[in-house]
There are 2 protein chains.
Amino acid sequence: MADRPAGAAPAAPAGPQQDRSRQTRRRLLETTVRCLATHGFQASTVGFIAAEAGISRGAAQHHFRTREALIVAALEHMFDERVALLDRLAEPAGAGAERVHAVVAGLVETVGGDLFRAALQVWTVAAADPELRAAVLPLERRFARGAHERAVRLLGVDDTDPRLRALVQATLDLARGLALAGVLTDDARRRARVVRAWSDQLAAALGAD
Amino acid sequence: MADRPAGAAPAAPAGPQQDRSRQTRRRLLETTVRCLATHGFQASTVGFIAAEAGISRGAAQHHFRTREALIVAALEHMFDERVALLDRLAEPAGAGAERVHAVVAGLVETVGGDLFRAALQVWTVAAADPELRAAVLPLERRFARGAHERAVRLLGVDDTDPRLRALVQATLDLARGLALAGVLTDDARRRARVVRAWSDQLAAALGAD
């Protein structure tokens, strides 16, 4: 990867030119996520993404020399956005089973959505492409750690208890499974029933029912 | 789709020529699944698959006129194989929580694996391709129904109870989420811990602990 996303870099001098450059970079990354989610991996070339972002191909290549660099940076960007979404999840109201339900519903919503659709495109190609896979794996691990930490904090779980730790992981795996089901069929009602049944069980396991 | 897979067709006259034709068709479908899982969607053209199967391109096109027809038939074939795998899952031994654990572990193994990797390639392309999506959706629904029926039977659950029905669905969504995680990282040990933690919860919900 050529460089780090703007959000993770140390504070840079904030002249108008740097601002413009950062804005262009961000617009490219966001457009990449949208193109992946809507048009799929094959259609998402640097030229197509630059055109969709209203940026010249040359300017796009100034930021990302290769398509792989752009896609990996977009994946990193979307993982950071998803973790930031988890951080912005309101401190759940209520107590006991209702609180657990609010947290699980929030996790499921955050793990799914457009960012999931875009990530799925990259994962699937990476599954058959060792080079892309090597670039994606460390990001994937970092995101999994970040999501797990947020889930533990929101649920107020003792993460040193192996059983509770495994149940938090199971909840995130469930969220991913529901997101995958949602890619083909919009099954919001079924999803709501599954989330309710799961969170009741989780609340019982946490002694919160 | 041009025609039905051999397994689902009514008994045909079993001359040596029909046998050879059925064998060729089956080899093409199995090779398609393997090519999708190993090389991804883009690489899996009719020409590539025919060469991998040791069949001439013309013979392959005699069975499937278009790439989409071949891929959709292969998806149907692999869903049928997965449901057949579920039917072949040994009647789980033991009782109570151990029995529930054996069933959940069997479901997770069956939903994952090479067939999942191949299906993932098709789902992901279908997510951004309305025509392929329309061809895939009915197969997907049929497979989901088949898997749910087998899970209900193996777990001995009363499927008219909405809570238990949702818990069986959650178990299959969890299996799909674990399979997706396994596509990038081979996390068999983590998976085993998650399966154990969830099946203990499910056993408690079913009153089997």
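Please go through the stretch B:163-209 and pick out each residue that is among the hydroxyl-bearing types (S, T, Y) and assigned to a helix (DSSP H, G or I).
Of everything in the stretch B:163-209, those that are among the hydroxyl-bearing types (S, T, Y) and assigned to a helix (DSSP H, G or I) turn out to be B:T171, B:S199.
Would you confirm, using the coordinates I've provided, whether B:A175 is within 11 Å of another protein chain (Cβ to nearest Cβ), farther than 22 Å from B:C35 by Cα and not charged (D, E, K, R)?
On the way: within 11 Å of another protein chain (Cβ to nearest Cβ): yes; farther than 22 Å from B:C35 by Cα: yes; not charged (D, E, K, R): yes.
Taking the combined requirement at face value, the residue satisfies it.
Could you list all residues from the stretch A:128-152 that are within 11 Å of chain B (Cβ to nearest Cβ), in contact with a helix residue (DSSP H, G or I) (Cβ under 6 Å, 6 or more places away or on another chain) and at pLDDT 90 or above?
A:L132, A:R133, A:V136, A:L139
Look at the stretch B:161-195 and say how many of its residues are surrounded by fewer than 17 Cβ atoms within 10 Å (Cβ to Cβ) and among the small types (G, A, S).
2
For residues that are more than 14 Å from every other protein chain (Cβ to nearest Cβ) and part of a loop (DSSP other than H, G, I, E, B), scanning just the stretch A:40-75, find the one that is nearest to A:V122 (Cα to Cα).
Step by step, filter the stretch A:40-75, then rank; the result is A:T66.
Consider B:G177 carefully, then state whether it is touching a helix residue (DSSP H, G or I) at 6+ places or on another chain (Cβ under 6 Å) and closer than 30 Å to B:A43 by Cα.
yes
Consider only pairs whose beta carbons are under 9 Å apart and that are at least six residues apart or on different chains; among these, list those whose first residue lies in the stretch A:114-131 and is free of Cβ contacts under 8 Å to residues at least 40 places away in the same chain and whose second residue is not in a helix (DSSP H, G or I).
Cβ pairs passing all conditions: A:A127/B:G40; A:A128/B:G40; A:A128/B:F41; A:A128/B:Q42; A:A128/B:A43; A:D129/B:G40.
Taking the stretch B:15-70, which residues are among the basic types (K, R) and touching a helix residue (DSSP H, G or I) at 6+ places or on another chain (Cβ under 8 Å)? Give the steps one after another, and end with the answer.
Keep residues of the stretch B:15-70 that are among the basic types (K, R), which gives B:20, B:22, B:25-27, B:34, B:57, B:65, B:67.
Listed by number, the residues that qualify are B:R22, B:R25, B:R26, B:R27, B:R34, B:R57, B:R67.
I need the full set of residues from the stretch A:113-138 which are outside any helix (DSSP H, G or I) and crowded, with 21+ Cβ neighbours inside 10 Å, in order please.
Passing the criteria: only A:A128.
The values are calculated or read from the model by the stated rules, or taken from the named source; none is laboratory data. Quantities reported herein were computed from a predicted structural model and do not represent experimental measurements. Because the Cβ atoms are built from the backbone with ideal geometry, glycine has one as well, and the counts that use them run over all protein chains shown.
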